[in-house]
Amino acid sequence: MVTAAETASLTEHVTSLELGAHVSGAGFLGEVAWFALGDGRVVLRRGEEAREIAAHGGAVQVCLQDRKALYTGGDDGRLKRIDVAGSTETIADEKGKWIDAIALSPSGAIAWSAGRTVKVLDKSGEIKGMTAPSSVRGLAFAPKGHRLAYAHNGGASLWFPNTAAAPEFLDWKGSHIEATFSPDGRFLVTSMQENALHGWRLADQRHMRMTGYPGKSRSLSWSHDGKWLASSGADACIIWPFADKDGPMGKPPRECGVRPARVSSVACHPKALVMGIGYDDGCVLMCRLTDGSELLVRRAAAISGAVTALAWDRQGARLAFGTQEGAAGWLDLPAVG
């Protein structure tokens, strides 16, 4: 447990905002904090300086960033790139079909899905497409950036967009939603409609069942060393071990941040074994995996709704958050020493 003084000192370093719409995503482009909203706006904040961009003619459904820009997909069917200065470029227009997922490759490619259609735009400007067995809501590039995974009913598929080979199918009964590769590329994990995660060891397609969640797990985050996968969906952050060749098979998960509320968002610190944890009552905690110690970032606030966005900056010095009802902000961690 932490003292009241320690708790107060951390919460006093939070900048709070009221954005007036559901926060779909949050993060940092250098010194600029960004927030993508359910009314189609993107808000950029540098200290007290704010800029609002009318990015979409409907909700921002999905968003991701690289080092230079933010990519947003809306229910107006458009995929956009927004840089730190607020300049906006339309990358794709799916003519009113919702953009359901986005993935960015370290090789410079970008992938998106709209219904059953999956497309990849490579850095040369060429677009390649694939039709999935059912609607796709989860996309992920493998760490080397050449192979794309997409989740759908009945499992997931692995596709090399730059080859003529057919996608490789990974089967598991049920509806698969989110998708993520382990940082070393050995495992693929999906979240499921059935209150579970499922994984495959890619070397031999051996299955990994991760069950026992009381709710749906929609937020996944890998630790900086790739040895742990944090997940939402329970009254604690559930963290699965992936350090050895068998991953979590035959091993129980660890838990941290146990509270009388369900975890809705998780974000692993980029340099330390520290979890950012958001709950469905609006609370935000930091929790250290090594000993389970906790620090309060934001107190529970029922009127703000669940935490729907949570992200660290690249240095791990700031943590952005946003909620279902439009409350948002960021923590500036105080310097030590």
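Across the chain, how many lysine pairs, 8 or more positions apart or on different chains, have C-alpha atoms separated by under 19 Å? Please give the number.
So the count of such lysine pairs works out to 20.
Restricting to Cα pairs below 8 Å that are 6+ residues apart, what does the relative contact order work out to for the chain? Please round to a whole percent.
Across the chain, relative contact order equals 14 percent.
Sequence gap at least 6, Cα distance under 8 Å: using those rules, report the relative contact order of the stretch 213-337 to the nearest whole percent.
Over the stretch 213-337, the number comes to 17 percent.
Residue-wise, which Karplus ³J(HN,Hα) couplings in Hz belong to the stretch 97-102, taking 6.51 cos²θ - 1.76 cosθ + 1.60, θ = phi - 60°, and x for glycine or proline?
The phi angles translate into 6, 4, 7, 9, 7, 9 Hz.
Assuming R0 = 30 Å, what is the FRET efficiency of residue 291 and residue 194, from their Cβ-Cβ distance, to the nearest 0.05?
0.35
In nm, what is the difference between 0.36 nm times the number of residues separating residue 301 and residue 92 and their Cα-Cα distance?
71.4 nm is the gain from fully extending residue 301 to residue 92.
Sequence-distant or interchain residues sharing an amide H contact under 5 Å with residue 92, placed H: which?
HN-HN under 5 Å from residue 92: 79.
Between the alpha-carbon centers of the stretch 200-266 and the stretch 108-169, tell me the distance in whole angstrom.
24 Å
Search the structure for amide H atoms under 5 Å from the amide H of residue 274, placed 1.01 Å from N in the peptide plane, and list their residues when 5 or more places away or on another chain.
Those qualifying (amide H under 5 Å, at least 5 residues apart or on another chain) are 269, 289.
Multiply the residue gap between residue 315 and residue 203 by 0.36 nm, knock off their C-alpha separation, and tell me the result in nm, one decimal place.
37.0 nm
In the chain, which Cys residues have no partner Cys with a Cβ closer than 4.7 Å?
63, 237, 268, 283
Let me check against my output: what whole-number percent is the relative contact order of the stretch 1-117, with C-alpha pairs under 8 Å and at least 6 apart?
That works out to 15 percent.
Based on Cβ point charges of +1 for Lys and Arg and -1 for Asp and Glu, what charge dipole magnitude is obtained for the chain about its Cα centre, in debye rounded to the nearest 20?
800 debye
Quick one: with all protein chains in place, what share of the accessible area of the chain is carbon or sulfur, to the nearest percent (1.4 Å probe)?
50 percent
The values are calculated or read from the model by the stated rules, or taken from the named source; none is laboratory data. Quick caveat, the model's predicted, so the values are computed rather than measured. Cβ sites come from the backbone with ideal geometry, for glycine too, and all protein chains shown count toward neighbours. Surface accessibility is based on the protein's heavy atoms, side chains included, excluding ligands, DNA and RNA. Shrake-Rupley method; radii C 1.70, N 1.55, O 1.52, S 1.80 Å.
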